[in-house]
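Visitor: One structure is given below, represented as structure tokens, and several questions about it will come after.
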Amino acid sequence: MNIYFLTFGCKVNLYETENMKQIFSGEGYGIASDEAGADIFIINSCTVTGTGDKKLKKEIRRLRRCYPTSIIVLSGCFPQAFAEEASNIPEVDIVTGTKNRAELPKLLSEFTDSRSRVVSVCEYSRKEQFEHMRNKGYENNTRAFVKIQDGCGMFCTYCIIPYSRGNFRSKPLDDVISEITELAQKGFKEVVLVGINLSFYGVDIGKRLIDAVEAVCQIDGIERVRLGSLEPEMITLEDIKRLAALKKLCPQFHLSLQSGCDKTLKAMNRRYITADYEALVNALRENFENCSITTDIMVGFPGETEEDFEASLRFAEKISFAKAHIFPYSPRKGTPAAEMAEQVPEDVKHRRAAQMGEAMEKCHSKFMESQVGLTVPVLFEREKSDKIPRGYTPNYTLVKILTKNSNKSLRNQLFYVKIIRIEKDCCIGEIVS
């Protein structure tokens, strides 16, 4: 039987999907390259927003309508957080959460034997260990994502993640080193360390994130190390100094802001104020040449007044992010914010999102223009159908080469490139060495 995987959500979910593919391959299942060739659909879900849940359910209905005899498995964060609701989706045959993915083949066999719906969602305990999982490689990719942290215990008032992922859990450092060493031996030159709350890596095992980064940077064959999304409160000046000493670490930092208004940050139960965030950004820019700072910004949080929004907008413009993901607040059932009074009207949220987006687009353009004239190393990736070589600089700026010296692929090779101009959302460059 062939399985087609669908992944909703972040890079952590993509990593977990790759791990599930390897589990099923080891059990003799085929992995379908497209949905038309599948007998089984496994959906690794996200549940960060209510809007995302609606899209998920719509996709499940579509699959059942198009493939009435297929087996549909719903796994991941949505059923973990809302087990009863997930188990009542009529189109789904098997429901499981974010734990014990190694049990999925067993659950599938149970369903095929009985043809009765299977629901298996296990609750997390406070002393949960990091689930054993590792990936042996990513088909056609030059960059490998490695999950080293799971869970969150911060309980931001808008967020369902602590309920869908459990408390902080870290992959043992020896396992991190072993997994990435194997990836390096397979030819991967770049790895991205990811987690649900990556900044808190090590709090349960007596380590810190900097310990993992330093260890990974010492692995032969790995030439670039990137960090996934970071929460500001666990990064110290000492950490930044140690990070800056690592030549393999890419100067790209995605620091989740959420709001540039202190009043709103407090209502969100974020553990920093804008002055702390600004000091962190300044320290990163002082210690990393040509670094990029990117972020997420929420608008329309309950109680956010026009004055609060203006404060957030002014702060975001002051930081001048290289790129920012802007999104309107979406009430999340089961979180305190969903029950707060003073919910912001939808039209106001979308107006503010458009206004913030326009401002951040100007900051993005300013950052892109600052790259013109620089000569930077580019790690080239798999060429797309247009056959144009493309890759990323250390600060994660996309670069395309319109001409090359031979027909040989540049994939997974590092070349120095001079950036000559901006074209839409990327840089155009020419190889100089």
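Visitor: State whether the residues of the range 279-293 include one that is under 24 Å from the mean Cα position of the chain (by Cα), among the polar types (S, T, N, Q) and buried (at least 19 other Cβ atoms within 10 Å of the Cβ).
Guide: yes
Visitor: Please specify each residue of the range 100-125 satisfying the condition of being crowded, with 19+ Cβ neighbours inside 10 Å and at pLDDT below 90.
Guide: Arg101, Tyr124
Visitor: Follow-up. Could you tell me whether Ser199 is among the small types (Gly, Ala, Ser), in contact with a helix residue (DSSP H, G or I) (Cβ under 6 Å, 6 or more places away or on another chain), at pLDDT 95 or above and not assigned by TED's automatic domain parsing to the domain that holds Lys11?
Guide: For Ser199, the condition - among the small types (Gly, Ala, Ser), in contact with a helix residue (DSSP H, G or I) (Cβ under 6 Å, 6 or more places away or on another chain), at pLDDT 95 or above and not assigned by TED's automatic domain parsing to the domain that holds Lys11 - is met.
Visitor: Just name the residue that is nearest to Asp296 (Cα to Cα) out of those in the range 213-234 that are of a type in the set (A, V, I, L, M) and in contact with a helix residue (DSSP H, G or I) (Cβ under 6 Å, 6 or more places away or on another chain).
Guide: Leu230
Visitor: When the residues of the range 67-90 are narrowed to those that are outside any loop (DSSP other than H, G, I, E, B) and without any contact (Cβ under 8 Å) to a residue 24 or more places away in the chain, which ends up surrounded by the fewest Cβ atoms within 10 Å (Cβ to Cβ)?
Guide: Restricting to residues being outside any loop (DSSP other than H, G, I, E, B) and without any contact (Cβ under 8 Å) to a residue 24 or more places away in the chain, the top hit is Glu84.
Visitor: If you check every pair at least six apart or on different chains, which have Cβ atoms under 7 Å apart with a residue in the range 261-276 that is farther than 13 Å from Glu310 by Cβ first and a residue that is at pLDDT below 95 and of a type in the set (S, T, N, Q) second?
Guide: Between residues of the range 261-276 that are farther than 13 Å from Glu310 by Cβ and residues that are at pLDDT below 95 and of a type in the set (S, T, N, Q), there is no close pair.
Visitor: Please note which helices (runs of 4 or more DSSP H) are completely contained in the range 117-228 and include at least 3 residues that are under 18 Å from the mean Cα position of the chain (by Cα) and closer than 25 Å to Val73 by Cα.
Guide: 161-165
Visitor: Quick check, is Ile293 within 30 Å of Cys426 (Cβ to Cβ), in a strand (DSSP E or B) and in contact with a Gly (Cβ under 9 Å, 6 or more places away or on another chain)?
Guide: No.
Visitor: Scan the range 155-179 residue by residue and report those that are in contact with a helix residue (DSSP H, G or I) (Cβ under 7 Å, 6 or more places away or on another chain) and surrounded by fewer than 21 Cβ atoms within 10 Å (Cβ to Cβ).
Guide: Passing the criteria: Phe155, Thr157, Tyr163, Leu173, Ile177.
Visitor: Would you confirm whether or not the range 356-379 contains a residue that is hydrophobic (A, V, I, L, M, F, W, C), in contact (Cβ under 8 Å) with a residue 24 or more places away in the chain, within 30 Å of Lys54 (Cβ to Cβ) and loosely packed, with under 14 Cβ neighbours inside 10 Å?
Guide: no
Visitor: Any chance the range 91-101 includes a residue that's more than 27 Å from the chain's Cα centre (by Cα), in contact (Cβ under 8 Å) with a residue 24 or more places away in the chain and not in a strand (DSSP E or B)?
Guide: So far as the range 91-101 goes, yes, one or more of its residues are more than 27 Å from the chain's Cα centre (by Cα), in contact (Cβ under 8 Å) with a residue 24 or more places away in the chain and not in a strand (DSSP E or B).
Visitor: Further question: Given the conditions (1) within 22 Å of Gly153 (Cα to Cα); (2) in contact with an Asp or Glu (Cβ under 7 Å, 6 or more places away or on another chain); (3) assigned to a loop (DSSP other than H, G, I, E, B), which single one is not true for Leu246?
Guide: (1)
Visitor: Taking the condition of being under 20 Å from Val48 (Cβ atoms) and touching a strand residue (DSSP E or B) at 6+ places or on another chain (Cβ under 6 Å), how many residues in the range 303-326 meet it?
Guide: Within the range 303-326, residues that are under 20 Å from Val48 (Cβ atoms) and touching a strand residue (DSSP E or B) at 6+ places or on another chain (Cβ under 6 Å) number 4.
Visitor: Moving on to the next point. Confirm whether Arg314 is touching a Cys at 6+ places or on another chain (Cβ under 7 Å), in a helix (DSSP H, G or I) and either surrounded by fewer than 20 Cβ atoms within 10 Å (Cβ to Cβ) or among the small types (Gly, Ala, Ser) (or both).
Guide: When the stated conditions are applied, Arg314 does not pass them.
Visitor: Looking at the range 236-254, can you tell me whether even one residue there is of a type in the set (Gly, Ala, Ser), under 23 Å from Glu16 (Cβ atoms) and surrounded by fewer than 22 Cβ atoms within 10 Å (Cβ to Cβ)?
Guide: no
Visitor: For the range 36-54, state whether one or more residues are in contact with a helix residue (DSSP H, G or I) (Cβ under 7 Å, 6 or more places away or on another chain) and either surrounded by fewer than 19 Cβ atoms within 10 Å (Cβ to Cβ) or more than 22 Å from Ile89 (Cβ to Cβ) (or both).
Guide: no
The values are calculated or read from the model by the stated rules, or taken from the named source; none is laboratory data. Because the structure is a prediction, the values reported are computed rather than measured. As a convention, Cβ positions derive from the backbone with ideal geometry for all residues, glycine included, and neighbour counts pool all protein chains shown.
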